[in-house]
1. Treat each spin label as a single point 7 Å out from the Cα along the C-beta direction, and report the residue B:227 to residue A:138 distance in nm.
2. Could you work out which residue, out of A:128, A:74, A:138, moves most in a Gaussian network model of chain A, that is, has the largest mean-square fluctuation with Cα springs under 10 Å?
3. Report, in whole Å, the centroid distance computed from the Cα atoms of segment A:20-73 and segment B:235-303.
4. In debye to the nearest 20, how big a dipole does segment B:2-220 give about its Cα centre with +1 on each Lys and Arg Cβ and -1 on each Asp and Glu Cβ?
5. Past 20 Å, Cα to Cα, is the threshold; run A:36/B:304; B:127/B:304; B:127/B:216; B:368/B:509; B:364/B:530; B:56/B:183 against it and keep the listed order.
6. At 7 Å along Cα-to-Cβ for each site, give me the label-to-label distance between residue B:187 and residue B:311 in nm.
7. Taking the Cα centre of segment B:495-555 as the origin and placing charges on Cβ (Lys, Arg +1; Asp, Glu -1), which of B:516, B:552, B:542 is farthest toward the positive end of the dipole?
8. Taking each residue in A:25-31, count the Cβ atoms of any other chain within 10 Å of its Cβ, then average. What number comes out?
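Only the coordinates and a few stated rules stand behind these numbers; no lab work does. All of these numbers come straight from a predicted model, not from anything done at the bench. Here the Cβ positions follow ideal geometry from the backbone for every residue, glycine too, while neighbour counts run over all protein chains shown.
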Amino acid sequence: MKKSFDVMIVGIGGQGTILASNVLGEACLIEGRSVKGAETHGMAQRGGSVESQIRIDGEFGPLIIPGTADLLIAFDLLEAVRYRHYLKEGGMMIVNNQLVLPTSAFSSGQPVPTIDDISTMLDGEHTAIVDATAIATAAGSPLAANIALLGAASHTIPLRVESLIEGVRRCVPQKTIPINEHAFLEGREAVKSI
Amino acid sequence: MEKRYLLGNVAIAHACREAGVDFISGYPGTPSSEVIDTLRTVPEPGCHLEWSVNEKVAYENALAAAWCGCRALVTMKHVGVNVAADPLMTSSYTGVTGGMVLLAADDPFAHSSQNEQDSRMYAAFAKIPCIDPASIQDAHDGIIRAFDLSEEFGLPVMIRPTTRICHSKGDIELGERATGHRKGTFQRNPKQYVVIPAHTRILHKELNQKQPGIRKRLIEYGFNTAVVRGEKAVIAGGISAEYIREILPDDISIATIGAYPIDEEWLAAFVSRHTEILVIEEMMPIIEGAVREVACGQVIYGKKNGYLPHEGEFSPSIIADALLAAGYITAHPFPTVSPAGNLPVRPPILCAGCMHRSTFYSMKKVFKDGIFPSDIGCYTLGLQLGAVDTTICMGASITVASGINRSGEERDVVCTIGDSTFLHTGINGLINAVYNGADIVVVILDNRITAMTGHQPNPNTCLTASGTESPAVSLEALCRSCGVTFVETVDPYDLSLLLDTMKRAKEEKGVRVIIARQPCVIVARRAGWKRHKYMVEADTCTGCRLCIKYGCPAIEFHDEVARINDLCTGCAVCADICPAGAIRREVKR
């Protein structure tokens with residue numbers, strides 16, 4: 001059996017998936033644990049669907065096999081649906097309650113899915129849908145939504161909260177540290193209360 | 001020694017500093033670009049660093065520095081090696097004095113490339129050593145070894161990390177950065193540096209004499225290792241060696257290949273101790289070929305008999321399929337799952353406000369029946385707008401356009417090429433088109449940066465890699481000096497002028513150049529440029545969807561009317577397209 005705790009972070013190019021994965025990587029370093037990750041660069045970043053894979057305690061290759069991820073963090077509802085097959089049975093899903101529709105949704109003539117349609121599809125005991133953008137905005141900046149989502153997911157991640165918060169401090173721009181710390185803690189609160 | 005969580009390319013960049021590199025050149029290309037992008041953010045006095053205009057130029061510059069005794073690094077993506085192949089093939093004959101490392105980043109699965117070629121073949125072709133790392137740590141450590149090997153054997157050494165090394169991350173042990181730099185000195189030696197036939201025949205012989213020593217040294221350095229554990233064995237190269245370690249049963253032997261050329265005696269000794277061998281490597285069956293050559297009666301499983309694919313990238317799952325098929329395991333270790341179907345796709349797309357979109361729009365509008373050869377860059381995404389008919393390699397838009405035109409095809413041929421690509425290998429095609437009487441329109445998409453690979457500066461940016469100002473290149477003067485008389489520069493946000501210029505070009509004959517110039521919208525945003533956002537007046541919108549067809553990600557369509565979202569950058573082109581006049585500047589109340 002695999003020893004690593006595998007996390008998929010998915011979203012749209014430019015939303016900050018890589019920064020979120022860096023926080024997990026730094027937190028692993030802080031705890032002296034091995035870590036491997038893979039991410040999307042280059043062409044696919046231009047507004048395309050992107051994924052970061054992080055294997056906490058990972059010792060081998062960086063890739064997570066579909067059907068084996070322990071946790072899926074999605075920055076967008078549609079991307080949660082696109083990648084949910086990566087989760088193992090019973091794997092946890094933390095999803096931002098936001099839907100950015102791809103241009104293809106308007107030009108293809110297919111019915112355009114709504115937030116409610118997708119929320120219903122994703123609903124289940126292992127899913128938490130969080131309004132991370134609202135939490136981040138309340139904390140001081142909508143740009144901290146990625147960190148708010150990490151906070152929401154932190155109950156499931158096998159790393160100490162202090163390590164994760166220190167990871168946040170190391171990864172975000174210096175002057176946004178208080179906002180991001182706040183966003184992390186509020187995100188963490190939000191899931192407890194669901 | 002310290003441990004850090006780093007991107008593969010950043011770890012490689014750090015290793016270059018540990019090795020004390022004195023000269024760095026390259027051309028951006030995914031997945032190689034972040035090596036120089038990392039190094040250039042912290043320029044080091046005494047170390048020359050440049051983004052060159054193409055890979056051949058980069059390679060020759062680095063080679064010359066290595067001839068002068070410096071340690072030189074040259075980086076490129078796999079297809080860049082095609083451009084640099086001319087000097088590469090002979091640089092192994094001349095050899096080097098200072099260490100020279102060619103970083104050729106391969107892209108199995110063509111995540112961001114036009115093909116899946118295997119750079120190991122180039123190393124074999126040029127008869128130079130090739131380091132093929134299985135992990136980021138291997139790549140980091142391999143860079144340092146590569147410089148030592150290069151100096152020991154007087155040969156350029158290739159390191160070929162793949163996308164899943166360059167763009168993966170891990171906890172990496174770093175060493176100390178070297179201090180001080182060598183200053184180049186050229187020692188005249190025509191027998192080495194002037195490859196006339198009389199010299200080159202001798203140099204080739206010397207190159208061949210180096211090979212057995214290289215093979216042995218690669219084993220001594222521990223690049224190629226073997227552990228005998230049973231009757232059956234796996235031999236894996238590159239990142240496949242990491243994937244297999246995750247799932248390999250304890251009673252199966254394993255050999256890993258981390259560098260080439262492979263020592264045949266060593267390989268034969270390992271193979272002879274087993275009855276069955278499964279060979280696992282992405283892309284070309286190079287290890288498999290070597291194994292089949294030394295095998296005597298063993299059963300070999302590989303690509304050649306269908307156990308693994310010849311194309312794409314591997315994963316632990318694909319490797320498990322092969323283990324199962326070869327009878328190495330009895331059950332698949334991973335579940336079978338399938339992705340959700342029928343979702344709106346989200347491919348990469350030109351940014352909201354990207355200057356290329358209005359240029360493509362105008363081309364299609366004016367040259368309705370036109371043929372649109374294009375090139376390599378963000379603008380290849382114009383495919384989604386129906387404005388890209390061909391793309392093959394860097395610089396091949398103008399040449400393909402003139403070839404189509406001279407073939408007798410009677411429709412208008414309008415090609416697109418970015419500024420960096422034009423300077424890379426576009427100019428020759430333009431000279432040729434004028435010289436040979438082509439009848440084409442060349443649209444230079446001039447956003448003043450090499451955008452797709454991460455906004456690297458080029459001569460047109462007027463900044464060097466390390467941020468110092470450089471003299472301006474005039475694309476207009478360049479085109480005129482190639483013999484083009486119709487050279488017009490337009491702001492692609494000025495839709496009526498753009499359409500008008502296209503119409504005028506359509507009326508003319510010969511090679512016509514239109515330079516569409518506007519900074520890349522991402523660069524403009526980072527530089528603090530702000531334009532007013534636009535909005536749709538819902539009452540005026542007729543729901544004709546013409547703005548939706550324009551394909552900007554800032555325009556949505558709900559309840560039979562268009563709506564502009566937060567992505568709007570204020571380029572205002574959609575306002576000119578809307579026939580109802582429903583799109584206007586947002587007024588803050």
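1. 5.2
2. Judging by the Gaussian network model, the answer is A:138.
3. Value for the Cα centre distance between the two parts: 29 Å.
4. Values: 24 positive and 25 negative charges, 143 e Å.
Computed charge dipole of segment B:2-220: roughly 680 debye.
5. Numbers: A:36/B:304 32 Å; B:127/B:304 24 Å; B:127/B:216 15 Å; B:368/B:509 17 Å; B:364/B:530 29 Å; B:56/B:183 23 Å.
Over 20 Å apart, Cα to Cα: A:36/B:304; B:127/B:304; B:364/B:530; B:56/B:183.
6. About 4.9 nm, to one decimal.
7. Projecting each Cα onto the dipole axis, the largest value belongs to B:516.
8. Per residue, the average neighbour count from other chains is 3.
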